[in-house]
Amino acid sequence: MATTALRSLGSALPESAMDASRFRPNLVLDVPGDHASGYPEHRWIGRRMVIGTLRLRFTEACDRCVMITRETPAVPHDRAVLRWVARELGNALGVYAAGENPGHVRIGDKARGLD
């Protein structure tokens, strides 16, 4: 998940608390840009990226379910989030990736696209 996606959601849903934990991502990439930058990870499908020593291939959009409405320690219960994601993003937010090699990712590692 890209940080621009979180900013875009926060702009679209100002009454909703946005925190990456709501979406349970394995990786959050700090992508520069404001909320107008949208959801860049949707354009990564079919491409590869290296983060730390891990090489990833982005395979498909991540369809969202009711879990993103559930309360966590960081965010309250909020049905508006899923309704908006379903209506505006075709129910997809974030992307799945497959590892192409064993590798390590550490907080602060730089990501670079391979194609």
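Only the coordinates and a few stated rules stand behind these numbers; no lab work does. This structure is a prediction, so every number in the text was calculated from the model and none was measured.
Report, in deg cm²/dmol and to the nearest 500, the calculated mean residue ellipticity at 222 nm for the chain, where each DSSP H run with n ≥ 4 adds -39500 (n - 2.57) and the sum is divided by the residue count. Spell out each step's value before the answer.
Values: 2 runs with 21 residues, N = 115.
Only helices count here, giving -5500 deg cm²/dmol.
Shown for region 51-115 is the translational diffusion coefficient from the Stokes-Einstein equation, using the Kirkwood radius over Cα pairs, a temperature of 4 °C and a viscosity of 1.567 mPa s: 92 µm²/s. Across region 3-113, Cα-Cα pairs farther apart than 21 Å form 37% of the total.
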